[in-house]
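Have a look at the structure below before the remarks.
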Amino acid sequence: MDVNPERTAVVLIEYQNDFTTEGGALHGAVKEVMDETGMLERSRRVADEARRAGATIVHAPISFAEGYGELGDPDKVYGILKGVIDSNAFVKGTWGAEICDAMTPASGDIVVEGKRGLDAFATTNLDFVLRSNDIQTVILGGFLTNCCVESTMRSGYENGYQVITLKDCVAATSTAEHENALSYDYPMFSVPMSAADLITELGVPA
């Protein structure tokens with residue numbers, strides 16, 4: 001695959017303390033897969049090397065006002081977002097909603113705002129940011145393998161981007177769910193790739 005760094009964006013989904021860091025509201029749910037893949041350190045290296053190559057780095061955190069009013073009546077919320085409410089995760093202004101230290105945005109990075117659901121395109125200006133920067137290739141990493149990353153992958157594919165998913169830079173709440181998404185869903189809507197192979201594709205000088 002031809003990857004031109006100048007027309008490539010690495011989109012980093014929900015690298016926030018509530019997922020990534022001990023003491024985070026949902027860290028216990030993803031810790032096993034994070035540890036198995038070493039995804040946090042691999043993601044940090046991808047971001048660093050992609051910056052060196054001249055790619056655009058985009059952070060896509062999720063956050064909610066206290067009380068989760070954006071989601072309507074909390075008693076009617078179900079599924080994965082009910083889990084967010086029940087764990088009191090990703091509340092604006094809290095440590096848990098902050099991007100973790102390992103993935104702190106660098107000068108020149110872009111942070112998209114407004115993510116309230118699964119797909120990073122749905123409630124943010126992500127598509128506008130990508131098109132304004134003449135992006136052709138979108139590279140995805142983050143949380144969860146089978147939820148927000150997968151939702152964003154599908155939308156990126158349908159929106160006409162060349163989508164690459166980083167199979168060792170994602171994590172889910174179980175190894176089974178993680179492996180299922182990588183094996184069956186990712187190849188339908190993206191080119192799955194390891195962090196090391198991506199860095200090679202970017203042509204980063206030693």
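The values are calculated or read from the model by the stated rules, or taken from the named source; none is laboratory data. Computed from a predicted model, the values in this text were never measured in an experiment. Using ideal geometry, Cβ is built from the backbone for each residue, glycine included, and neighbour counts are taken over all protein chains shown. The area values use the complete protein model at the heavy-atom level, side chains included, leaving out ligands, DNA and RNA. Shrake-Rupley method; radii C 1.70, N 1.55, O 1.52, S 1.80 Å.
The table for this structure:
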read-out	value
Only listed residue being within 19 Å of Thr152 (Cα to Cα) and free of Cβ contacts under 8 Å to residues at least 12 places away in the same chain, chosen from Gly67, Gly79	Gly79
Positions within segment 115-157 being more than 23 Å from Ile80 (Cα to Cα) and acidic (Asp, Glu), in sequence order	Asp127, Asp134
Unmet requirement for Ala25, which otherwise passes all of (1) within 17 Å of the chain's Cα centre (by Cα); (2) buried (at least 17 other Cβ atoms within 10 Å of the Cβ); (3) over 18 Å from Val170 (Cβ atoms)	(1)
Residue pairs meeting the criteria (Cβ under 6 Å; at least 6 apart or on separate chains; first in contact (Cβ under 8 Å) with a residue 24 or more places away in the chain and more than 13 Å from Thr137 (Cα to Cα), in segment 190-205; second part of a helix (DSSP H, G or I) and open to solvent by 50 Å² or more (accessible area, probe 1.4 Å))	Ala195/Arg42; Val204/Arg52
Top-ranked residue of segment 59-87 - restricted to ones that are of a type in the set (A, V, I, L, M) and closer than 22 Å to His27 by Cα, ranked as most open to solvent (accessible area, probe 1.4 Å)	Ile80
Residue that is surrounded by the most Cβ atoms within 10 Å (Cβ to Cβ) [pool: residues in segment 134-181 that are touching a residue at least 60 places away in the same chain (Cβ under 8 Å) and among the hydroxyl-bearing types (Ser, Thr, Tyr)]	Thr145
Every residue from segment 113-136 that is polar (S, T, N, Q) and either part of a helix (DSSP H, G or I) or in contact with a helix residue (DSSP H, G or I) (Cβ under 6 Å, 6 or more places away or on another chain) (or both)	Ser132, Gln136
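Let's see how each residue does on (1) modelled with pLDDT under 95; (2) of a type outside the set (A, V, I, L, M, F, W, C):
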site	(1), (2)
Ala50	no, no
Ala55	no, no
Pro74	yes, yes
Val91	no, no
Gly108	no, yes
Val111	no, no
Arg116	no, yes
Asp127	no, yes
Gly141	no, yes
